[in-house]
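Single-structure report; data block below.
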Amino acid sequence: MFDKDKMLQLCNDWSKNTLMETLEIEYIDAGEDYLTAKMPVNSRVHQPMGLLHGGASCALAESVGSAASIMFINPEKSEVRGIEISANHLRSKREGTVYCTAKIVHKGRSIHLWEIKITDEQDRLISLCKLTNMILPRK
């Protein structure tokens, strides 16, 4: 049975001392087929023109999509590796918060495909991403 609180605690704990902590990504919601996080938009994630950096958006999307794959594996026996990400950046953002939700498209034994939407506080689409994860046996 899915335990939302346990999943969010696991994701937030695993983020300590990683890029996710540096970017201040916080996992805030989860369901049986999705995971949501938020990230502040400030100078730490800006490109030189003062806008949200596309690389920061991709880092957010890959972080959330990879963490979401953990819901479908036994982390003691398997590991998740992002193997391909694509992103379309549709709207700029200077400050505030973005929200990122990964929803499963395909859940295979060795491949997970995620559709990931990054939105602003008004639920306007900032970026639309696709992430492919490979599931590997833990060594």
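The single condition from (1) aliphatic (A, V, I, L, M); (2) surrounded by fewer than 20 Cβ atoms within 10 Å (Cβ to Cβ); (3) assigned to a strand (DSSP E or B) that Leu10 fails is (3). Looking across the stretch 116-139, the residues that are charged (D, E, K, R) and farther than 21 Å from Glu26 by Cβ come down to Lys130, Arg138, Lys139. Could we say that Ile126 is in contact (Cβ under 8 Å) with a residue 60 or more places away in the chain and either surrounded by fewer than 17 Cβ atoms within 10 Å (Cβ to Cβ) or in a strand (DSSP E or B) (or both) here? Answer is yes for this residue.
Checked across the stretch 61-80, the condition of being polar (S, T, N, Q) and more than 11 Å from the chain's Cα centre (by Cα) holds for at least one residue. Could you tell me whether Asn74 is among the polar types (S, T, N, Q) and free of Cβ contacts under 8 Å to residues at least 24 places away in the same chain? So Asn74 fits the description; yes.
Here, each number is a calculation from the coordinates, and none is a lab measurement. Small disclaimer: the values here were computed from a predicted structure and weren't measured. Heads up, the Cβs are rebuilt from the backbone with ideal geometry, glycines too, and the neighbour counts pull from every protein chain shown.
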